[in-house]
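Enquirer: My structure is below; once you've seen it, I'll send some questions.
The values are calculated or read from the model by the stated rules, or taken from the named source; none is laboratory data. These numbers were taken from a predicted model, which means no experiment stands behind them. No Cβ is skipped: glycine too gets one built from the backbone with ideal geometry, and neighbour counts run over all protein chains shown.
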C-alpha cells in the first residue's frame, strides 16, 4: 500500500478520503529511513479528534522534487501502549510529539523528555503549569544557574531562559515558552467569518503579519477552488518581500545595538522606518495589515504607488548597501560576530531548522525555491542566499544579502508592471470544499510558515493548525549558545530573532 | 583658602560637564538632535525627589553602600588639584590614599550587589572585581610615574613642582595622560569595556550592580560616577597641561572637552569588546603604564646611550 499521497504547494485541497490511513509501525519504519536524508523535513505533524478517536496527520516536505508527502494514521484510541517516538531518532519531531502529548496525553515511547510545549488552555494534564516546569538541572559546586525572564526587562515578549553556567561560560540553555499562548488555533474555529479569520491570521505574529495572512489566504483559496489573478499573486509577492526587507534591516540595527555600535544602529533604524512607511503608504498600515485578503485586495497597486515603491526601494537599497559594505569592514564588529554562536550544518539538519537561520548554516531550505507558490517558481525564479559558517556573522550576512536580493525582486516585479484594474475586491463568502485537507507553505522573512486546515461536510473549517518557523528554530538558539560566554547570548538571540507568540499561538 | 575653593568649584564644573559633552558628541555623530546638555543633571534631580524601594532580601549593607560609594569618591575628589591651583586637602602620600579610597568605593558597591542575591548582580560584581583588580596596577604605576618625576607623593606637590619639569619629558607626560584617559574608560564603564546605554543585563558590568537601586540611592551612585570621571579626567588634563600651558584656565576646558569628546567618539565609532577580551584590553594598558614608568625612570637617571 502507498504510504503517502503526494501533493505540492500549488495544488488544490485534498479530499480527506484520499489521504491514506496507514499502520503506524509501517509509517514509523519508513520515516526512520527517510528522514536520515536531509532532503526531507517535517512541515507539520498533528492529531485531530474524529468520531472513532484520534486521527494523526503528517506532512513531509521533499526539497528535491517539490513534493509534499501527506499521510495519516488512526491508532486504537483505547490502546494503552503508546507510540514509538520519532524524536528519539530524529530530534526535528520534538515539538510536534510534545504538543500531542500535552494536548491528548499520547505517550511516545523512548521520547527523551515529553515536556509541555506551550501550556495550551485545553491541555490534558491540568496539573502541569508554568510554575512546575521541569527544568533540566546539573549538579556541581562550581556551576550556577541564571534565570532570565519570563518577564522581559524591555519591551519584547515573555519567555523563560534557564542557563547553567560555569563562570561566564554557558554549559546549557533551556528555553521554556508558552507565556504568550492566546489560543489562536481554537479562536480560528470559533467564528467561520473569513474576514475575522484573516484578521486573526494577521495577529499570529505581529512581525510576520503579511507572511501569516498570505499563508491563510493561500489555504482558503485552495479550498475555494476559484482561480486567482496572476497580478494579485505579483502584488502579494511584492508585499512579502517588503516585509522581509523591513525585518532584516531592523535586525541588522538590533545586532548593532547589542554590541553598542551606535553608528549602524541609527542608520538601520532610519532605513527600517523608511521601509515600513512605504508599506503604510501602500495600504495604510506599517506592518501590512489589511493588505492581504482572500480572492482579492482592497489596496490594488496604482501607477503612482508603483512609482513610489520603486523609488523608495531603490533608495533603501543604495543606502543599505553602504551600511553593508561598512559592516563587512568593521574589525570591532567582526571580532564580536565571527565564530560566535556556531550551529554546524549537521546539527541544523538534525533539529530540522528552517528559513534564514538554516540557510546561514548551509542548509538549503527556502520555500520560494523548493516549493514555490503563487508568483514564485515560474515568473520569479529564486536562488536562496546561502552562507556556510553557521555563526552570528553568517546569519547577519544572510540577512544583508537577502535585503539586496529582495530589493532586486521588488524592482523586477514592478518594473514592467502596468496595473489593469482587474484585480477583484476580497470575497469572504466563497463556499469551501467539503471534507478536505488544505495546506499552504509560505517563506516568511524568518522561514517556512505552514498552515493546515480540515473542513467538515458542510464546508466549515473544523481544524486549523499553524506552524511558525520559530517552532523549529528555538532549539537552534539553545544549541548556538552552548560553550559561548553568557554575555554573548543577546547577540545570538538577535541573530535568530525568533517569535514568542508565533511559537505559543 | 580662596584658591582652594576655586579649585573645588572648578572640579565640580568638570564633574558636571563631562557627561553632557559625551551625550552631545554621541548625538552629533549619530545625526540626532539629542538630549540637552544638562539633561543628566535634571535626571538626577528627579531621582533625588523620589523615594527609594528596597528588596526584602537585602540587609543594611545594601542601604549603606551608596553612602560609602559616594563618600569615598568625594573624599578622593577633594585631593585633586586643577593645574596651578591648590586642592582642599593635601598631605604627603595622598596619592596612595586616593587610589584606595577609590578601591573602597568599588568594594562597597560589589558587596551591595552580592547582598541582593540576584544572579545578574552576582555576575556583575564578579566582573567588576576582576577588572578592578586588573586596572589597579595601571593606576598605581601611572601615579608612580608622576611621583618619580617630581619626588613628591601628594597630588598638590607633584603638580606644583611639575612646572619646573624638563620639557624633554613631554612625551612621557602625554603617555601618562593617555593611560589615565583609558583608566577612565574602564572605571566609568564606557565602551569598549562596558556599555552604559545597554539594556541587556547579561552583558552589563557597572549598570547591573545598580539594578536594585532607586531614588536617592541611584542619584548618589550617579553623582559618584561623575566625580570619578572628574578625578581621572583632571589628572590626565594636568599631565598634558604640564607640557604646554600650566594654568587652570587651560586645564579645566581640556579635562572637559578632551575626555568628553574621546569617550563620545569611541562610543559612536566602535563596538564593545567581547567580554573575555576585556582582560587583554586592560592588561595592555597595564603593560603600557609599566613601560612608561620604566622609561621615565631611565630618563630621570640621565643615562647616556
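Enquirer: Kindly evaluate residue A:58 against the criterion of being within 22 Å of residue A:470 (Cα to Cα) and out of contact with any helix residue (DSSP H, G or I) (no Cβ under 6 Å at 6 or more places or on another chain).
Expert: Yes; evaluated as a whole, the condition is true for this residue.
Enquirer: Right, something else. Given the conditions (1) at pLDDT 90 or above; (2) touching a helix residue (DSSP H, G or I) at 6+ places or on another chain (Cβ under 9 Å); (3) part of a loop (DSSP other than H, G, I, E, B), and given that residue A:429 satisfies all but one, which numbered condition is not satisfied?
Expert: (1)
Enquirer: Can you name the residue in region A:479-505 that is under 16 Å from the mean Cα position of the chain (by Cα) and assigned to a loop (DSSP other than H, G, I, E, B) and, of all such residues, is farthest from residue A:203 (Cα to Cα)?
Expert: A:497
Enquirer: For the condition within 14 Å of another protein chain (Cβ to nearest Cβ) and out of contact with any strand residue (DSSP E or B) (no Cβ under 6 Å at 6 or more places or on another chain), what is the one hit in B:161, B:217, B:157, B:212?
Expert: Every option except B:212 fails the conditions.
Enquirer: Criterion first (in contact with a helix residue (DSSP H, G or I) (Cβ under 8 Å, 6 or more places away or on another chain) and outside any helix (DSSP H, G or I)) does residue A:317 satisfy it?
Expert: Judged against the criteria, residue A:317 is not a match.
Enquirer: State yes or no: is residue A:441 assigned by TED's automatic domain parsing to the domain that holds residue A:313, within 16 Å of residue A:496 (Cα to Cα) and part of a strand (DSSP E or B)?
Expert: So residue A:441 fails the test.
Enquirer: Out of everything in region A:202-220 that is out of contact with any strand residue (DSSP E or B) (no Cβ under 8 Å at 6 or more places or on another chain) and within 14 Å of residue A:187 (Cβ to Cβ), what residue ends up being surrounded by the most Cβ atoms within 10 Å (Cβ to Cβ)?
Expert: A:202
Enquirer: Here's something else I'd like to know. Right, residue B:279: under 30 Å from residue A:339 (Cα atoms) and surrounded by 15 or more Cβ atoms within 10 Å (Cβ to Cβ) or not?
Expert: Answer is no for this residue.
Enquirer: Being surrounded by 20 or more Cβ atoms within 10 Å (Cβ to Cβ) and within 14 Å of the chain's Cα centre (by Cα) is the requirement here; does residue B:241 meet it?
Expert: Judged against the criteria, residue B:241 is not a match.
Enquirer: Which of the numbered conditions does residue A:204 fail, given that it passes all the others? Conditions: (1) assigned to a helix (DSSP H, G or I); (2) modelled with pLDDT of 90 or more.
Expert: Failed condition: (1).
Enquirer: Additional query: Only residues that are under 19 Å from residue B:123 (Cα atoms) and part of a loop (DSSP other than H, G, I, E, B): list them for region A:151-183, please.
Expert: Selection gives A:152, A:153, A:167, A:168.
Enquirer: Which condition breaks for residue A:353 when tested against (1) touching a residue at least 40 places away in the same chain (Cβ under 8 Å); (2) within 25 Å of residue A:487 (Cβ to Cβ); (3) in a helix (DSSP H, G or I)?
Expert: Failing condition for residue A:353: (3).
Enquirer: Taking region A:61-95 only, how many residues are closer than 20 Å to residue A:117 by Cβ, without any contact (Cβ under 8 Å) to a residue 40 or more places away in the chain and touching a helix residue (DSSP H, G or I) at 6+ places or on another chain (Cβ under 9 Å)?
Expert: 2
Enquirer: OK, next. Only one of (1) within 30 Å of residue A:198 (Cα to Cα); (2) touching a residue at least 60 places away in the same chain (Cβ under 8 Å); (3) part of a helix (DSSP H, G or I) is not met by residue A:291, so which one is it?
Expert: It fails just one condition, (3).
Enquirer: Another question about this same structure. If residue A:249 passes every condition in (1) within 11 Å of chain B (Cβ to nearest Cβ); (2) crowded, with 24+ Cβ neighbours inside 10 Å but one, which one does it miss?
Expert: Every condition holds for residue A:249 apart from (1).
Enquirer: Taking region A:7-25 as the search range and keeping residues that are within 23 Å of residue A:63 (Cα to Cα) and surrounded by 18 or more Cβ atoms within 10 Å (Cβ to Cβ), which one is nearest to the chain's Cα centre (by Cα)?
Expert: A:9
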